[in-house]
Amino acid sequence: MVCLLLASCAQRPLPVETYAQVRERVDRERYFNISAATRDLAENVGQLRRLRVKRSIYSSYLQPEAFLKQLRNHTPSPSVEQERIIRARRTAFGLPQPLEKSEQDRRGPLPDSLLGFYDQDGERIYVRTKFKLLRPDFDEMDLTVVHETAHALQHQHFGNDLFRTRPTDESLALRALIEGDATATTVAYAGWKLAAPTREAIEHTRGLALIPISETPDRDPDLPSREDTFVYLDGLRFAAELYRVGGFALLDKTMRSPPISTEQVLHPQKYLSGERPIEVPAPEAPTGYVRIESGTMGELGIGIVLSQCAKEDETGATDWGGDVFLLAESDRHDLILEWNTVWDSDDAALRFEKAIRHAASCWTSKAGASLSISPEFTIARDHNRVAVVRGMHDEEGQIQAQRLLKMPTMPNRRAASGQSR
Ligand SMILES: [Zn+2]
């Protein structure tokens, strides 16, 4: 979206920048510390984002192999057990499996879109070589360093807690805020270079990120996943909307009290009005089964599940109230899924019930690695609640579904008292 913005803005002469002067030398060297060159840039970014640069931000410019090594140190790949859980979850919800490791390796070490990252432990920005020229006076490297500088400023001002791991739906919401804020800062910088006022540049992006939730089963694996586009594009739309309402001051406040559901990011108004998820307790694993994982799918996750069978079904995820699922396995490694959902109204529950019945009819028993789940499912509704049980025979499925519908839920208590936490 940055390119779109640049294409639509008028040109004007650019200020002389020390940053550009070192580019030639940078291109010849295998490893080059560009901290000095990016110091001025960091000051500019800090001024635009209205966050003071408290500590020097170091940057390193690396060839792809060295960059990849740093990246692997920074984000270790999931353990065998974590991968097994992911495969089990995707199997249970009828989602396509991620590519096998070896397959990913054959596709090259790094996606082209990964140009840099900020390492909060070392407080250092890493950027890789190989950049596209966006315009004669701009390339991806400038914008990458700006984006990562915005992350460094987030870290300096809002602390380590911001980068703490959280449960899936909440973690996606937080990542959307972090990336949305950094991308909005990048847009502000691009606007500044083109003499566009910050407000105009950021507001220009609000309409760019409206994309459906769908993730089709046969999508091109080289394209970003719906979670990725959620984090960057819906994150940007969320940040831009907050900026419109209260400027960077409101974004700062939000950093201290981040959105806690993908629903709040998809509908910024729900975040602003303090609509919190309804808390649903996780069910215990039934006799004969051992818990693998429990978690929340949220509006985004549910939309993706529903879109597997028919694109239009994703609207079945709107007016989500809350949900929790339990994934468990028998000693023969047969999976079961128990999923308890609550909706804002009976109508919303009815819509979800219809959509999930349709999606479930497409579920197959295709096994993920050593795990398998039978396609049998039970769906039961009581007013604004819908329970889904998969992998259990008829009668047992009914018993478990009724048990889920009777579990007490906590109303979204803080709804009336506004956003403050
Ligand atoms: Zn980022």
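Listed here are the residues, each with its yes/no results for (1) surrounded by fewer than 24 Cβ atoms within 10 Å (Cβ to Cβ); (2) under 20 Å from the mean Cα position of the chain (by Cα); (3) more than 25 Å from Ile178 (Cα to Cα); (4) modelled with pLDDT under 90.
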{"residue": "Pro224", "(1), (2), (3), (4)": "yes, yes, no, yes"}
{"residue": "Gly235", "(1), (2), (3), (4)": "no, yes, no, no"}
{"residue": "Ala249", "(1), (2), (3), (4)": "yes, no, no, no"}
{"residue": "Tyr271", "(1), (2), (3), (4)": "no, yes, no, no"}
{"residue": "Gly316", "(1), (2), (3), (4)": "no, no, yes, yes"}
- Message: The conditions are (1) touching a Pro at 6+ places or on another chain (Cβ under 9 Å); (2) within 16 Å of the ligand (Cβ to nearest atom); (3) modelled with pLDDT under 85; (4) under 21 Å from Gln47 (Cα atoms), and Thr205 fails exactly one of them. Which is it?
- Response: (1)
- Task: Find the residue count for the range 126-155, including only residues that are modelled with pLDDT of 90 or more and of a type outside the set (Ser, Thr, Tyr).
- Result: 9
- Task: Answer with yes or no whether Leu306 is in the same structural domain as Phe163 (by TED's automatic domain parsing) and either in a helix (DSSP H, G or I) or not acidic (Asp, Glu) (or both).
- Result: no
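Conditions tested, residue by residue: (1) part of a helix (DSSP H, G or I); (2) in the same structural domain as Arg87 (by TED's automatic domain parsing); (3) surrounded by 17 or more Cβ atoms within 10 Å (Cβ to Cβ).
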residue: Ala282; (1), (2), (3): no, no, no
residue: Gly321; (1), (2), (3): no, no, yes
residue: Leu327; (1), (2), (3): no, no, yes
residue: Ala349; (1), (2), (3): yes, no, yes
residue: Phe352; (1), (2), (3): yes, no, yes
residue: Ile356; (1), (2), (3): yes, no, yes
residue: Ala359; (1), (2), (3): yes, no, yes
- Neighbours by Cβ (under 7 Å, 6+ apart or cross-chain): first from the range 225-251, in the same structural domain as Arg52 (by TED's automatic domain parsing) and more than 21 Å from Gly46 (Cα to Cα); second part of a helix (DSSP H, G or I) and among the aromatic types (Phe, Trp, Tyr): none
- Query: When the range 144-184 is examined, which residues are found to be away from the ligand (no atom under 12 Å from the Cβ) and among the polar types (S, T, N, Q)?
  - Reply: Gln156, Asn160, Thr165, Thr168, Ser171
- Query: Can Val290 be described as more than 17 Å from the chain's Cα centre (by Cα), buried (at least 20 other Cβ atoms within 10 Å of the Cβ) and within 30 Å of Arg332 (Cβ to Cβ)?
  - Reply: no
- Does the range 97-107 include one or more residues that are touching a Cys at 6+ places or on another chain (Cβ under 8 Å) and at pLDDT 65 or above? no
- Query: Restricting attention to the range 335-391, which residues are under 19 Å from Ile86 (Cα atoms) and either modelled with pLDDT of 90 or more or in contact with a His (Cβ under 8 Å, 6 or more places away or on another chain) (or both)?
  - Reply: Leu335, Ile336, Leu337, Glu338, Trp339, Ser370, Leu371, Ser372, Val389, Arg390, Gly391
- Query: Filtering the range 185-201 down to residues that are aliphatic (A, V, I, L, M) and under 22 Å from the mean Cα position of the chain (by Cα), which residue is farthest from the ligand (Cβ to nearest atom)?
  - Reply: Ala188
- Query: Mind checking which pairs have a first residue in the range 336-365 that is closer than 25 Å to Gln97 by Cβ and a second that is among the hydroxyl-bearing types (Ser, Thr, Tyr) and buried (at least 23 other Cβ atoms within 10 Å of the Cβ), Cβ under 6 Å, 6 or more apart or different chains?
  - Reply: none
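The values are calculated or read from the model by the stated rules, or taken from the named source; none is laboratory data. This is a predicted model, so every value here is computed, not measured. Every residue, glycine among them, receives a Cβ derived from its backbone with ideal geometry; neighbour counts consider all protein chains shown.
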